[in-house]
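Visitor: Pasting a structure here, questions to come.
The values are calculated or read from the model by the stated rules, or taken from the named source; none is laboratory data. Being a predicted model, the structure only gives us computed values, none of them experimental. FYI the Cβ positions are ideal-geometry reconstructions off the backbone, even for glycines, and counts take in every protein chain you see. All accessible areas refer to the heavy atoms of the entire protein, side chains included, with ligands and DNA or RNA removed. Shrake-Rupley method; radii C 1.70, N 1.55, O 1.52, S 1.80 Å.
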Amino acid sequence: MHPAFSVIFLTTLIGAGQGLFLALFSAQAYTELNLLPSMSDTNFFGLGSLFALILMMGGLIASVFHLGHPERAWRSATKWRTSWLSREVIALPFMMLMITIYGVMHWFGLDGIIYSSATGNNFSYSLLVAGSIGAIAAFILFVCTGMIYACIKFLQEWATPFTIINYALFGTASGFTLAAAFSSFYDAADMTKFFTVWAIILTVLVLLTRLASLFRNSRIKHKSSMQSAIGIRHPQIQQKAMGMQGGSYNTREYFHGKTKAFLKSVKYIFMVLVFPIPVILLAMGLDTADSGLLVAAFVVQYAGLIFERWYFFAQANHPQNLYYQTV
Amino acid sequence: MNTTTANAGDGRTEVKNTTCYMCACRCGIRVTLRDNEVRYIQGNPDHPLNKGVICAKGASGIMKQYSPARLTKPLMRKEGAERGAGDFEEISWDKAFDVMEERLRHLRGTDPKKFALFTGRDQMQALTGMFAKQFGTPNYAAHGGFCSVNMATGMIYTIGGSFWEFGGPDLERSRLFIMIGTAEDHHSNPMKIALSKFKRNGGRFISVNPVRTGYSAIADEWVPIKPGTDGALLLAITNVLIAQGLYDREFLVQYTNAAELVNQDPDSDEFGMFIRNKELEVGEGCFDPENKLWWDRNENKPVITHTKGADPFLLGSYTLENGTAVKSSMQLLKERVEEYTPEWAAAITGIPAETITRLAHEMGIVARDEKIELPIAWTDVWGNDHDTVTGNPVSFHAMRGLAAHSNGFQTIRSLSIVMTLLGTIDRPGGFRHKAPFPRPIPPCAKPPNSPDDVKPNTPLNGMPLGWPASPDDLFVDENNEPVRIDKAFSWEFPLSAHGLMHNAITNAWRGDPYKIDTLMIFMANMAWNSSMNTSEVRKMLNDKEENGEFKIPFLIVCDAFQSETVAFADLVLPDTTYLERHDVMSMLDRPISEFEGPVDSVRIPVVPPKGDCKPFQEVIIELGSRLGLPAFTNKDGSRKYRDYPDFVVNFETAPGSGIGFLSGWRGKGGEKFMKGEPNPSQWEMYEKNDCVYHHHLPKSYQYMRNWNKGYLTWAQDHSLTRYAEPINVHIYSEVLQQFRLAAEGKRKGKQPPEHLRERVREHFDPLPFYSETLESQLTDKHKYPLNALTQRPMAMYHSWDSQNAWLRQIHTHNYMHIHPSTAQAQGIEDGGWMWAESMHGKVRCLARYSEAVEPGTIWTWNSIGKASGAWNLDKSANESNKGFLLNHLISEELPKNECGEHVSNSDPITGQAGWYDVRVRVYKAEDDEPKETFPTFDTLPLFPGMEKRRSIVRYFAGKFAKKGAK
Amino acid sequence: MTQLALVIDLNVCVGCHACVTSCKEWNTSGPAGAMTDENPYSKDPTGTFFNRVQTYEIGTFPKTETLHFPKSCLHCEDAPCVPVCPTGASFKRDEDGIVLVNYDKCIGCKYCSWACPYGAREFDEHQKVMKKCTLCVDRIYDESLPENERKPACVMACPTSARLFGDVHDPESEVSEAIRDNAGYQLMPEWGTNPSNHYLPRRKTKVHYHEDELQRADNPLNKEHSVEPLDVPTLDDSTSW
Ligand SMILES: Nc1nc2c(c(=O)[nH]1)N[C@H]1C(S)=C(S)[C@@H](COP(=O)(O)OP(=O)(O)OC[C@H]3O[C@@H](n4cnc5c(=O)[nH]c(N)nc54)[C@H](O)[C@@H]3O)O[C@H]1N2
Ligand SMILES: Nc1nc2c(c(=O)[nH]1)N[C@H]1C(S)=C(S)[C@@H](COP(=O)(O)OP(=O)(O)OC[C@H]3O[C@@H](n4cnc5c(=O)[nH]c(N)nc54)[C@H](O)[C@@H]3O)O[C@H]1N2
Ligand code: SF4
Ligand code: SF4
Ligand code: SF4
Ligand code: SF4
Ligand code: SF4
Ligand SMILES: [Mo]
């Protein structure tokens, strides 16, 4: 496929936004469970939510560039029964709404205790209502975004649970890394540690799942072939003319137009940028809670994700390409 | 269905019929207009030719009509500008006519042959040829000489008809169809309609071609052959057919000269001529007199042919009473082909001997065992009644793969003879004629034959083109040197029935045989695709004498588009498109006849001319009137015809002849056909009838027309032909033998110049023979081991469709198609840059591997490559950067040899251009070379009056023009 | 239920591209129009077309087949391009199974084209909506056209009548019969899209003759001198029983 930057930014930005929100949510949950000391600065969750929202907005704006007719974008919510894209279009603003509610509750202190446990833990509205609905929405959104790609069964590189798992884990990992960097600006070492440790765990986890998907994709046997594409049984078939020489939508949308070597180097770049460097920076930041290191970890990881997503598109081999061998 | 744009049905819609001219096939089309813009062009379902279908080009007519490459103003080269630079200023038509009138009047009054008129892919030679004749110049020809004159002559001199527009395979009833050397051809849509029907009816389709594209793709069997060697294949097939007795004996005896006895006395001046019974009274005329002899089996003695009850031997050598040794034509043919065994041909053609033998057997067996008997009674010219028409359902079609070789004439004669041996001439399932064919062998029209036929202020004595029957018909002077600028009908190419347009510029430039003054080019891209040696020809057009005058002093080009050639003109005449003018596909020219009878057709404008465009026909009528040419003026010198439509209705070939350009609805009220007084409403009647007139002959006149008394009498009555005499097939060609006798000094009359004697003697063989193409004979084949060819792309017409925004998306540049083994031997990569080089030139081009080409051959689509800036294409256009023209490799003249220094690269019999003879070598283009084609040319500017090209086209009829360029 | 479709006979398709440009010509001034052409007179001209004809070579010389292969939307019965469309702009009509795009609803997200394994959809880069073969829905029901012209433009144009049009669900239709009789097949059956358009394969006519058919009693050579009985000794000359 031809990687579209609008879609690359959409998926990476909203992923990080969702991840950041999940990080905030879990931090709040930990504190309310007394597993973490509570955050002294009450703006933390509000501002954090704003960041998450900004990331989601950024994604949304990027996605608009992908549309031929953004003014009609509202229509895209109508087919949620069948279309994962439509579902995403619903889930995304819903997610954003929940983040907004969550953030507003924190920022304006509109919170209250909904339930106090016997052990003396106080659970707030923001956590149990806005936060948990938001968290569920985040997972739904991950599934929707992932399924947009995973449901196209003949894009075999995409049609796997890994697509959803990786989307979710990449988003969460980058969100936690961002949360670590963000929290380091506050006087909350424990919380920063919490985010950092989880960021490392999630990054390692997604390294495993991404490696697994790379391994899987390297061994894909494509079901379609020249033979099935034109219905001729002969081992030697070569296209000699595509029917047009100046190219068409089909030669632009589905080909990355880059060399194999380029593709390979993108893979190595993202493997380095997304995993080891952030992990090292995070580990280094673990003790020092040095904002510089943690911000760097996020920036590097996010940059890596752009490469990762580029590669995700470029690696996918659309069967239509059998008909358009750019001859 | 919801729409963002207006509905198709909105707007004011009109439907008009006319005839397509996106190519020379001339299908009937129905043009739907919306708000005066072309909404849709479809095939006319009621048209006999295309029956409603249309092709890629025809369906892209809109993009031609609204092309920004259209010329819209008469243009004059700016004082001092170089030719080819395209530096023009706009002038008025009045000025243009004044300039032409002055110049041409002077030439006509002094030396009319200094005016030359050459026309390209047009179909209005009836008018242009007549204009030339009226003007008095012999220097007129159309594209036929470089196109397929071998096909025309090879067959017409053998069977009295030809493929092409004048006949074809009857695929409706055929069982076995062999297509040789055809990629697309003129009969584009009808051939496709017929071919698919044929295949669906279970017919077997074999294609003989070095390349497998288009039609060949759907062949049941592809027989790859080395270019230029089909003669060997066909002669080997002849060998097998005769050796096995797989020929139609009765057909050969009755309808050909196979059993006629030929003088074999080497000492006789009549050697090689038919023995004639001199006492017999036979009429004089342009036909075969029936005074020749058979050797009768019953009486075992010679008899006059077609003697009732006689049954001649087909084979055998005999001695006449007076001691003259004689042999039958068939015996001579048999002896001729004895050495041409399948094994011999295999080595030459690259086709296994078993395949050749099998092909011959297949043909023979199908012809013999799948006979068709149609219950159609007819009477032959000898008065014999037949209850049925017999068909041997094997048919052939061939085109430029045979024609465009310098050995093509004899190859095509071989093919005609194979067809004849199988008994398939004008019979169901075989070859069938289309009116006005068959014609006598050769047809009666003769070219002028003396320099005295060209006189100031006098029409030419004869038509500029014709069909020589003997050396006396040659158009040479007292020194046996050519009179025409293209040397047609000279000893270099005696039977050049269509002229040699491909040598016109070179000869005029060199002043050989003389200098001319004004060259007028109509609808031909002679600075590009219709010239061999294109780069040099472009230089010649711009070359000057010592005194600064151009070597060809004045060049007039009439074109509808900004072609490469237009850039060289001194005066440019902007023509209309086919949707803007009246045209006639006339019986006097190349009608669109069908097997069932004559058909002619017209074009009627469906949209008004763009800008100041004027139909070339109107230019001719205007010039003819201004110059006072007899056919265009009344006795008192006043103008005779208002305009072309008026001319078409009222012109008669001779006063009162009743023969005019159109054959339908003649007579005062349109009650007559073929012949009759002018009918003032003729155009309306054509318009009402889908722009076509189709005359259906009675069934009994539709077959065996060479010998069909009913048909021949009908044709005579309707002035299609002068004689109702049989047209027997010339297995043995006495016409050719006469030229050979002259070359041998055994014949009085015109004599070949010494340097050409041997050439004429060798090639004017009365029986077909195989020889390598001239270029192959004169090339170092180790150095240039490959053949290079072009193919017609179905979705492009010659050079003229690159201005078409839709068609150019299909072919925007071309590749050199090459077999991987051939390419890899030279390190050439698939899709990589390579060189192809001949003795004459070289091109850098892109390679494309192909398994569908004989490994000794490379090929490309014809004329996709363009000169930069021509056709109003941007200089970045693929056509001029990646596309290339093969013509740069092909020379218009042979290397110096014993026949002379400047002998045309053409068939020595007919002057057919040897396009496909070129031999090349290939090698990889180095990595540091520019990644672009070679040669390239300076970018042409936009000419005055041309539209700026749009950066985007969003055609929507009824709204397009208003929106204008974006 | 009706399922209209094209059946394309590869046995007779000569690759002429008539179906390509006649489709463009019909549709550019129709509801789908205008069908944008970019760079029409410069480098790499490229436009929106609903139908393309491609060329393939099969096998190696000299046993090479050249195949011309036209392809437009196959109007799949289980069209994967339809459910993915978030707006409902892509839809499959119940009444005749034609898959269409509503250009007023389309947001140009291109998702449907990703979901078409055949590369049958083309995005109009100017109008910014997805376009594809409409099966000439604006012709086939147009009562202002004569009945025999209520067919897709490409079908009308095709000089070899390689393009048949009809209801593949009606077992009696010309198309169903053609599919049955000639082993018609679908493209990429592995995806379960169940394309309605079918292709008919190449069919070869071969000839078989027996050696003895070459020689026959009525061989014309028998009428010639050279094959008459020769004057050589036979048993007749030397026996006396
Ligand atoms: N679409 C389209 N149609 C056209 C034209 C066009 O430009 N475009 N041009 C028109 C004109 S002017 C003409 S003259 C006709 C020509 O019609 P064709 O004769 O069909 O045209 P060519 O492309 O010259 O075809 C020559 C074929 O002969 C093959 N060939 C070459 N050399 C040999 C040989 O030695 N032996 C054999 N057996 N085959 C050989 C080539 O591979 C090629 O397939 O087409 C007419 N129709
Ligand atoms: N290498 C190679 N060269 C070949 C051939 C080949 O097979 N191989 N084939 C040869 C053959 S067979 C032929 S017939 C020639 C054809 O060669 P040409 O006769 O030169 O044909 P075109 O290149 O089409 O040029 C015709 C000109 O007519 C113009 N034209 C189009 N429509 C109109 C109109 O309505 N009015 C006027 N006035 N002009 C119009 C076009 O713009 C173009 O400039 O090419 C020959 N050249
Ligand atoms: S074959 Fe020629 S005349 Fe017929 S539709 Fe095509 S371009 Fe027009
Ligand atoms: S061919 Fe493609 S666009 Fe057409 S219905 Fe099938 S999946 Fe959809
Ligand atoms: S591009 Fe248009 S038709 Fe395709 S999925 Fe998007 S909205 Fe639907
Ligand atoms: S059915 Fe109509 S829209 Fe579809 S390819 Fe044919 S002409 Fe084009
Ligand atoms: S119009 Fe017919 S023959 Fe021509 S390419 Fe299309 S399907 Fe094939
Ligand atoms: Mo030609």
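Visitor: Using only Cα atoms and rounding to the nearest 10 degrees, what angle (0 to 90) does helix B:408-421 make with the longest principal axis of chain B?
Guide: Compared with the principal axis, the helix lies near 50 degrees.
Visitor: Calculated FRET efficiency, B:Glu279 and B:Ser719, Cβ-Cβ r, R0 30 Å, to nearest 0.05?
Guide: Computed FRET efficiency for B:Glu279 and B:Ser719: 0.35.
Visitor: Mind checking which aspartates and glutamates have their Cα closer than 14 Å to the Cα of B:Lys875? Skip sequence neighbours fewer than 8 apart in that chain.
Guide: Here the aspartates and glutamates satisfying the reach criterion relative to B:Lys875 are B:Glu564, B:Glu932, B:Asp938, C:Asp44.
Visitor: Taking H as built 1.01 Å from N, whose amide H comes closer than 5 Å to the amide H of B:Lys301, not counting residues under 5 places away?
Guide: It is B:Asp296, by chain and number.
Visitor: By its C-alpha gyration tensor, with a ≥ b ≥ c as the square roots of the eigenvalues, how is the stretch A:128-277 shaped: rounded for a/c under 1.5, else prolate for a/b larger than b/c, else oblate?
Guide: In terms of gyration-tensor shape, prolate.
Visitor: Kindly sort C:Ile140, A:Ile114 by accessible area of their heavy atoms, largest first, with the probe set to 1.4 Å.
Guide: Descending accessible area places them as A:Ile114, C:Ile140.
Visitor: May I pose another question? State, as an integer percentage, the relative contact order of chain A based on alpha-carbon contacts under 8 Å between residues 6 or more apart.
Guide: Taking the mean separation of contacting Cα pairs over the length of chain A, I get 24 percent.
Visitor: Follow-up. Take every Cα-Cα pair in the stretch B:633-778 and report what % of them are more than 29 Å apart.
Guide: Of all Cα-Cα pairs in the stretch B:633-778, 50 percent lie more than 29 Å apart.
Visitor: Suppose we take every Cα in the stretch C:118-190 and form the convex hull; what volume per residue is that in Å³?
Guide: In the stretch C:118-190, the Cα convex hull volume per residue is 151 Å³.
Visitor: I would also like to ask the following. Identify the trypsin sites (Lys or Arg not before Pro) of the stretch A:244-313 meeting these criteria: DSSP loop state and at most 15 other C-beta atoms within 10 Å of the C-beta.
Guide: Qualifying residues, ordered by number: A:Lys258.
Visitor: For the stretch C:1-154, what size does the Cα cloud have along each of its three principal axes, sorted from largest down, in whole Å?
Guide: Over the stretch C:1-154, Cα extents along the principal axes are 52, 40, 31 Å.
Visitor: Could you state how much accessible area is buried at the A-C interface, both sides summed, with a 1.4 Å probe, in Å² to the nearest 100?
Guide: Buried area between the two chains comes out at roughly 4600 Å².
Visitor: Where is the GNM fluctuation largest for chain C (alpha-carbon springs, 10 angstrom cutoff): C:Glu213, C:Glu149, C:Glu122?
Guide: It is C:Glu213.
Visitor: Which order do the peptides B:81-87, B:861-867, B:655-661 take when ranked by the mean count of other beta-carbon atoms within 10 Å per residue, highest first?
Guide: Packing order, densest peptide first, comes out as B:861-867, B:81-87, B:655-661.
Visitor: Largest first, what is the accessible-area ranking of B:Trp491, A:Trp84 with a 1.4 Å probe?
Guide: A:Trp84, B:Trp491
Visitor: For the stretch A:50-136, divide the Cα radius of gyration by the Kirkwood radius and give the resulting Rg/Rh value with two decimals.
Guide: Radius of gyration over Kirkwood radius for the stretch A:50-136 works out to 1.12.
Visitor: Convex hull over the alpha-carbon atoms of the stretch B:512-555: what's its volume per residue in Å³?
Guide: Convex hull volume per residue, Cα atoms: 84 Å³.
Visitor: Oh, and also: How high is the relative contact order of the stretch B:391-469, in percent, with contacts defined as C-alpha pairs under 8 Å that are six or more residues apart?
Guide: In percent, rounded to a whole number, it is 28.
Visitor: Sorted from largest down, give the three principal axis spans of the alpha carbons of chain A, whole angstrom values.
Guide: Sorted from largest, the Cα extents of chain A read 74, 44, 33 Å.
Visitor: What accessible area per residue comes out for the protein assembly as shown, rounded to a whole number of Å², with a 1.4 Å probe?
Guide: Accessible area per residue, the protein assembly as shown: 33 Å².
Visitor: If you roll a 1.4 angstrom probe over the protein chains with everything in place, what fraction of the accessible area of chain B belongs to carbon and sulfur, to the nearest %?
Guide: Of the solvent-accessible surface of chain B, carbon and sulfur hold 48 percent.
Visitor: Moving to a separate point now. Show me the three semi-axes of the equivalent ellipsoid for the stretch B:534-661, from the C-alpha gyration tensor (sqrt of 5 times each eigenvalue), largest first, rounded to whole Å.
Guide: Three semi-axes, in Å: 32, 21, 16.
Visitor: At a probe radius of 1.4 Å, what is the per-residue accessible area of A:Arg72, in Å² to the nearest 10?
Guide: Its accessible surface works out to 40 Å², give or take rounding.
Visitor: Heads up, I need the accessible area for A:Val299: 1.4 angstrom probe, whole protein in place, Å², nearest 10.
Guide: Rounded to the nearest 10, the figure is 80 Å².
Visitor: Tell me the total accessible area that C and B bury against each other, 1.4 angstrom probe, in square angstrom rounded to 100.
Guide: 7300
Visitor: Mind checking Rg over Rh on the stretch B:255-305, alpha carbons, Kirkwood formula for Rh?
Guide: 0.98
Visitor: Heavy atoms only, probe 1.4 Å: what % of the accessible area of the stretch C:98-151 goes to carbon and sulfur, would you let me know?
Guide: The nonpolar share, carbon plus sulfur, comes to 46 percent.
Visitor: Please go through the stretch B:545-626 and write out the GluC sites (Glu not before Pro) that DSSP classes as loop and that have at most 14 other C-beta atoms within 10 Å.
Guide: B:Glu545, B:Glu546, B:Glu549
Visitor: Express the Stokes-Einstein translational diffusion coefficient of chain B in µm² s⁻¹, to the nearest whole number, given a Kirkwood radius over alpha-carbon pairs, 37 °C and a viscosity of 0.692 mPa s.
Guide: The estimated diffusion coefficient comes to 114 µm²/s.
Visitor: Dividing the alpha-carbon Rg of the stretch A:183-236 by 2.2 N^0.38 Å yields what?
Guide: The value comes to 2.30.
Visitor: With every protein chain left in place, what is the accessible area of A:His256 in Å² (1.4 Å probe, nearest 10)?
Guide: 40
Visitor: Something else about it: Within the set of other residues whose C-beta is less than 10 Å from the C-beta of B:Leu894, count the net charge using Lys and Arg as +1 and Asp and Glu as -1.
Guide: It works out to a net charge of -4.
Visitor: Using a/c under 1.5 as the rounded threshold, could you call the stretch B:299-378 rounded, prolate or oblate? The axes a ≥ b ≥ c are square roots of the C-alpha gyration tensor eigenvalues, and prolate needs a/b larger than b/c, oblate otherwise.
Guide: Judged from the Cα gyration tensor, the stretch B:299-378 comes out oblate (a/c at least 1.5, b/c at or above a/b).
Visitor: Counting Lys +1, Arg +1, Asp -1, Glu -1, what net charge surrounds B:Leu460 among other residues with beta carbon under 14 Å of its beta carbon?
Guide: +4
Visitor: Take chain C, connect every pair of alpha-carbon atoms lying under 10 Å apart with a spring to form a Gaussian network, then pick out the residue of C:Tyr118, C:Tyr209, C:Tyr41 with the largest mean-square fluctuation.
Guide: Ranking C:Tyr118, C:Tyr209, C:Tyr41 by mean-square fluctuation puts C:Tyr209 first.
Visitor: Let me ask you something else. Using the Cβ atoms and a cut-off under 10 Å, what net charge is assigned to the surroundings of C:Ile107, where Lys and Arg are +1 and Asp and Glu are -1?
Guide: So the surrounding residues net to +4.
Visitor: Run a plain Debye calculation on the stretch B:14-168 (Cα atoms as equal point scatterers, no solvent) and give log10 I(q)/I(0) at q = 0.09, 0.12, 0.13 Å⁻¹, rounded to two decimals, same order as the q list.
Guide: -0.50, -0.85, -0.97
Visitor: Could you grab the relative contact order for the stretch B:658-717? Cα pairs under 8 Å, six or more apart, rounded to a whole percent.
Guide: Relative contact order for the stretch B:658-717 comes out at 21 percent.
Visitor: Could you name every residue in the stretch C:158-179 that has 20 Å² or more less accessible surface in the full protein assembly than in its own chain alone (probe 1.4 Å, ligands and nucleic acids excluded)?
Guide: So the qualifying set is C:Pro159, C:Thr160, C:Ser161.
Visitor: Then there is this: Kindly state, to the nearest 0.05, the FRET efficiency for B:Glu684 paired with B:Lys95, given R0 = 51 Å and r defined as their beta-carbon distance.
Guide: 0.90
Visitor: Next up: Sticking to Cα atoms, compute the Rg of the protein assembly as shown to one decimal and its Dmax as the biggest Cα-Cα distance, whole number, in Å.
Guide: 38.4, 143
Visitor: What is the distance, in nm, between label points placed 7 Å from the Cα along the Cα-to-Cβ direction at A:Ala212 and at C:Asn222?
Guide: Calculated label separation equals 8.5 nm.
Visitor: Compare each residue of the stretch C:69-89 in its chain alone against the assembly with all protein chains, and report those whose accessible area goes down by 50 Å² or more; 1.4 Å probe, heavy atoms.
Guide: Buried by the other chains: C:Pro83, C:Pro86.
Visitor: A follow-up question, please. Check cross-link reach from B:Lys278 to the lysines: straight Cα distance under 22 Å, and skip same-chain residues fewer than eight apart.
Guide: Once the sequence-local lysines are set aside, what remains near B:Lys278 is B:Lys292, B:Lys301, B:Lys308, B:Lys327, B:Lys746, B:Lys748.
Visitor: Just from its helices, what would the mean residue ellipticity at 222 nm be for the protein assembly as shown, if runs of 4 or more DSSP H residues each count -39500 (n - 2.57) and the sum is divided by every residue, rounded to the nearest 500 deg cm²/dmol?
Guide: That comes out to -9500 deg cm²/dmol.
Visitor: With the cut-off at 17 Å, report for the stretch B:353-436 the share of all Cα pairs above it, as a whole percent.
Guide: When every Cα pair of the stretch B:353-436 is considered, 58 percent fall beyond 17 Å.
Visitor: List the residues whose amide H sits under 5 Å from the amide H of B:Ala788, counting only those 5 or more places along or on another chain, with H placed 1.01 Å from N in the peptide plane.
Guide: Sorted by chain and number, the residues that satisfy this are B:Ile858, B:Val918, B:Val920.
Visitor: Let me ask another. Could you sort B:Lys16, B:Lys668, B:Lys748, B:Lys199 by accessible area so the largest value comes first, with the probe set to 1.4 Å?
Guide: Largest accessible area first, the list is B:Lys748, B:Lys668, B:Lys16, B:Lys199.
Visitor: Please give the FRET efficiency for C:Asp170 paired with B:Lys371, using the beta carbon to beta carbon distance and R0 = 30 Å, rounded to the nearest 0.05.
Guide: The computed FRET efficiency comes out at 0.15.
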